[in-house]
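Please treat every number below as a calculation from the coordinates, not as lab data. Note that the structure is predicted; figures quoted are calculated from it, not measured. Quick reminder, even Gly has a Cβ in these numbers, built from the backbone with ideal geometry, and neighbours come from all protein chains shown.
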Amino acid sequence: MSDFNWCHGPQCHEKHTVDRVRGVKGSKVLRTRKINTRGRQELFWYDYFCSQQCYDDFANTYIQQVIAIAPRTECLETPIHDPKKEKHTHEFSWGNHSYTTTKIEVDETRQR
Ligand SMILES: [Zn+2]
């Protein structure tokens, strides 16, 4: 297994940064960035893309193929108990401060 990946960003080699400049005088190029994976087995998205921009460029270019891997044709639902509003009050020397939160709990008794 290789210890590096080339960035998969489709425009990575077009970005004007000095770290991408390679080659000898008179025939310089902007080259796709190399990403060191240090021989790890488990790789994440940032082991294939040098930046969030390159990741976004790839996703926007290939979105139809990416979605085709696991298309979502129906919504998914997680059963929950009726949400409960809770008021929290804190007393300070200069007065009270209160805020409300809504507690949402998964209903494990209902089929998912
Ligand atoms: Zn890149």
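Brief remarks on what is shown
- Of the chymotrypsin sites (Phe, Trp or Tyr not before Pro) found in region 59-103, the ones in coil according to DSSP and having at most 11 other Cβ atoms within 10 Å of their Cβ are W94.
- For the pair E14 and S27 in one chain, pulling the backbone fully straight at 0.36 nm per residue adds 3.1 nm over the alpha carbon distance.
- Using alpha-carbon coordinates, inclination of helix 52-61 to the longest axis of the chain, degrees: 90
- Think of it as helices only: each DSSP H run of n ≥ 4 in the chain is worth -39500 (n - 2.57), and spread over all residues that comes to -4000 deg cm²/dmol at 222 nm.
- In this simple spin-label model, placing a label point 7 Å from the Cα along the Cα-to-Cβ direction at both E42 and T89 gives a separation of 4.7 nm.
- Cβ-based net charge around R20, under 13 Å, with every Lys or Arg adding one and every Asp or Glu removing one: +4
- Under-5 Å amide H pairs with H8, H placed in peptide plane, nonlocal only: F49, C50
- In order along region 79-96, phi translates into HN-Hα couplings of x, 10, 6, 4, x, 10, 7, 10, 9, 10, 10, 10, 9, 10, 4, 8, x, 9 Hz, rounded to whole numbers, per the Karplus curve 6.51 cos²θ - 1.76 cosθ + 1.60 with θ = phi - 60° and x for Gly and Pro.
- Computed over neighbours whose Cβ is under 9 Å from that of R33, the net charge equals +3, Lys and Arg +1, Asp and Glu -1.
- Gained length - H81 relative to Q64, 0.36 nm times residue gap less alpha-carbon distance: 2.5 nm
- Where no second cysteine Cβ lies under 4.7 Å, the cysteines concerned in the chain: C54, C75
- Longest segment of the chain lacking GluC sites (Glu not before Pro) that sit in a DSSP loop with at most 12 other Cβ atoms within 10 Å: 1-41
- Centroid-to-centroid separation of region 1-19 and region 37-82 [C-alpha atoms, Å]: 19
- Gained length - R72 relative to N96, 0.36 nm times residue gap less alpha-carbon distance: 3.9 nm
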